Amino acid sequence: METYGVETVKNRLLFDNPWWALDDQAPPKFKQPSKRLFFEQFAQKVEQGDMGRAVVLSGPRRVGKTVMVRQMVARLIEGGASPRHVLLASLSTPTYWDVGFYKIIELFLERNAETAEGKTLYAFLDDMQYVADWETDLKKVAKDFPQVRIVAALSAGVPLAEEIEAKDPGYDVAVLPPVSFAEFLRFRGREQELFGGDPAQHRLAFNQSNLPALNRELNYYINYGGFPESILGKMQGAPSPLFVRDGMIERLLHKDTASFFGINDLKGLSHLFTLLAYNTALEVSIEELARETKIAKNTLRKYLDFLESAWLIRRLHRVDKNAKRFQRAVSFKVYITSPSWYAALFGPVLPNDDVYGRLVETAVYTQWLGASQRISALTYASWRGGKIDLVGFQDLAMQKQRAPEPNLVIEMDWKQKLSGFGEGPQTVTEFVRLNCNGEEDTLLLTHNMVRTGYHRHVRIQSVPASLYAYGLVNELPE
C-alpha cells in the first residue's frame, strides 16, 4: 500500500490556490457575490492587526464565512499583494490532516523564500474546528511565523462574547452572524424602495406610509431569512425553511461537528435544541430542561455550551429589579440565533400567531450578534412580580459593577397594550426610576405605533420593531 506525503500536500495547495499562477504585474479582478455588511470590520482586522497575532472569523455554518475569506483574498491581490503570498486551505480536507497546519505554513514560507523578505504573507485556514486543540496551535503558529498573518475561520468553539470581553483570548475575533434584517432587505432589493434615496447615506429616511410593507418584509425575514443561500438563491416560500432544516440543522446536530466536542447522544442534543427553539425569548431553568429532556444536569450544561459555541442559541444573563446579576445563575433567557430556525422546525408563522411577538423579539436580539462588545453587555431582568425583556449596559464592566446603571431598557409591545392610553408601562417605569440616571433609552417595540411620551417623568419611546431592527445593524461600530 502506498501512502501520501508532503509532495501530495504541495499539489493539493496548488489546486486550492489557483491565483499562485497569476502575474504579479497585472492583478486580475475577481468576480464575487455581494459582500456582507460585516466585511469591512473583518478586512480591517486582517489588514491592520498586530504581527504575530492571528484573526479568527467566527459564525454559524452557511452564513458565508468561506465566501468572505475568498473576498478577502481577492481584495488583497487586487490591492497589490503578490498572488503567491496569499494562501487558502480548508482543514476539512483529509489530505492536510496528517501534516497539520503548522507544516502547511512552513511549506508556504518555503515556497516564497526568495520573494517574501520584508513582505507580509497571508494564510487563510478554513474549517479550523477540524483541528483538535486549535486555539493552542493557532497562537503558536502566529507567534512562530509573525511574517504571516494567520486568519482562521470556524463554526464552533470560539469563546463567547462575554468571555472575550473579560479576557483576551490571544487572537482577534471577527464575527459573521446570520443575515441581518438590513442585509435581508438589501439582498432582496427592497431597501432603497422602502427607505428612499441612498440607504448608505440616509439610512432611516423612512416614510411611515411604508411601515405595512416593512412589517411584511419582517415576516418574510422571520420565516425565510437568516442565511444567504436561501435569499440570494431566490428561494421563496416553503423551500427556505426546508433548506434551513435539511441543510443546516442536520449538519450541525447529526454530523461531525458535535463529535468534536465529545457529544455522542445526538438524539438528546436535537431534542434539547428543539425545546430551546420552541421557547425562544422565554426564561428557562436548568431544572426544567433536565426534567423535560431527561438529561443529567452536568451533561445538559455541556450540551448548552456546545449549542452556544456552534451559534445555534444564545443565553442571556438575568438581573434582578435592582439591575444586579444573580450570584448563582439557575435561570436564563434563551434565543435562537436566527428566527428562521423556528420556521424550519415548526413551520412558518403569521403576525397574529401567539408566538409571533417572541419571534420579533428574537429577530431584534439577533441584530446585535455581530457586535461582541454590545451583546456581551445585554441582559434581561426578572423578579417575582416583574420582568423586562432586554436590559443593556454601556459595557460588560458596567454590567458587573455593584451599582450598575443600565443605558438601554426594552420591552416588547407587539400587541401595543403598553403604548396606548391605559395604565401605561408601570413595570418599565418603576425599573427605570429605580436604576437609571436619566440618560438611558427606554423603548417599547410595537407593531406600528410611533410616539414619544412621559410616564411618571420617565421618557418612553414607542418604536415599530421592524424599523428598530433595521436600524440596529447600521449602528454597529466599525
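The values are calculated or read from the model by the stated rules, or taken from the named source; none is laboratory data. For clarity, every value in this text was computed on a predicted model and none was experimentally measured. Here Cβ is always computed from backbone atoms with ideal geometry, including for glycine, and neighbour counts include all displayed protein chains. For the accessible areas, the whole protein counts, side chains as well, though only heavy atoms, and no ligand, DNA or RNA atoms are used. Shrake-Rupley method; radii C 1.70, N 1.55, O 1.52, S 1.80 Å.
What to note about this one:
- Of residues in the stretch 421-453 being assigned to a loop (DSSP other than H, G, I, E, B) and free of Cβ contacts under 8 Å to residues at least 12 places away in the same chain, the one nearest to LEU214 (Cα to Cα): PHE421
- Test: residue in the stretch 104-113 that is within 28 Å of the chain's Cα centre (by Cα) and among the hydrophobic types (A, V, I, L, M, F, W, C): no
- Verdict on TYR342 being touching a strand residue (DSSP E or B) at 6+ places or on another chain (Cβ under 7 Å) and either within 28 Å of ARG433 (Cβ to Cβ) or among the polar types (S, T, N, Q) (or both): no
- Residues that are of a type outside the set (Phe, Trp, Tyr), at pLDDT below 90 and open to solvent by 80 Å² or more (accessible area, probe 1.4 Å) within the stretch 406-436 comprise LYS417, GLU423, listed in sequence order.
- One residue alone among ALA403, ALA397 is under 16 Å from LEU378 (Cβ atoms) and either at pLDDT below 85 or among the β-branched types (Val, Ile, Thr) (or both), and that residue is ALA397.
- From THR66, THR115, residue being in a loop (DSSP other than H, G, I, E, B), open to solvent by 60 Å² or more (accessible area, probe 1.4 Å), under 25 Å from THR8 (Cα atoms) and among the hydroxyl-bearing types (Ser, Thr, Tyr): THR115
- Selection status of LEU185, assigned to a helix (DSSP H, G or I) and surrounded by 23 or more Cβ atoms within 10 Å (Cβ to Cβ): yes
- Pick from the stretch 190-229, criterion open to solvent by 10 Å² or more (accessible area, probe 1.4 Å), at pLDDT 85 or above and under 21 Å from the mean Cα position of the chain (by Cα), ranking: nearest to VAL360 (Cα to Cα): ASN219
- Some residue of the stretch 407-418 being more than 18 Å from ASP320 (Cα to Cα) and free of Cβ contacts under 8 Å to residues at least 12 places away in the same chain: yes
- Residue check for ALA116: more than 27 Å from ARG75 (Cα to Cα) and small (Gly, Ala, Ser): no
- The number of residues in the stretch 140-161 that are in a helix (DSSP H, G or I) and more than 23 Å from the chain's Cα centre (by Cα) comes to 5.
- Considering the stretch 43-63, and only residues there that are outside any loop (DSSP other than H, G, I, E, B) and over 17 Å from MET128 (Cα atoms), the residue that is most open to solvent (accessible area, probe 1.4 Å) turns out to be GLN48.
- The listed residues are ALA371, ALA344, ALA323, ALA363, and the only one of them that is among the small types (Gly, Ala, Ser), touching a residue at least 60 places away in the same chain (Cβ under 8 Å), in contact with a Pro (Cβ under 7 Å, 6 or more places away or on another chain) and farther than 21 Å from GLU183 by Cα turns out to be ALA323.
- Counting only strands (runs of 3 or more DSSP E) that fall entirely inside the stretch 290-383 and contain at least 1 residues that are within 26 Å of ASP265 (Cβ to Cβ), the qualifying elements are 313-319, 331-336.
To keep it simple, each residue is scored yes or no on (1) out of contact with any strand residue (DSSP E or B) (no Cβ under 7 Å at 6 or more places or on another chain); (2) open to solvent by less than 60 Å² (accessible area, probe 1.4 Å); (3) on the phi > 0 side of the Ramachandran plot.
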residue: ASP354; (1), (2), (3): yes, no, no
residue: GLY357; (1), (2), (3): no, yes, no
residue: GLN373; (1), (2), (3): yes, no, no
residue: SER376; (1), (2), (3): yes, yes, no
residue: LYS387; (1), (2), (3): no, no, no
residue: PRO404; (1), (2), (3): yes, yes, no
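Yes or no, residue by residue, for (1) modelled with pLDDT of 95 or more; (2) open to solvent by less than 20 Å² (accessible area, probe 1.4 Å); (3) aromatic (Phe, Trp, Tyr):
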{"site": "ASP127", "(1), (2), (3)": "no, no, no"}
{"site": "THR136", "(1), (2), (3)": "no, no, no"}
{"site": "ALA142", "(1), (2), (3)": "yes, yes, no"}
{"site": "ILE150", "(1), (2), (3)": "yes, yes, no"}
{"site": "VAL158", "(1), (2), (3)": "no, yes, no"}
{"site": "ALA166", "(1), (2), (3)": "no, no, no"}
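- Count - residues of the stretch 283-319 that are of a type outside the set (Val, Ile, Thr) and free of Cβ contacts under 8 Å to residues at least 60 places away in the same chain: 19
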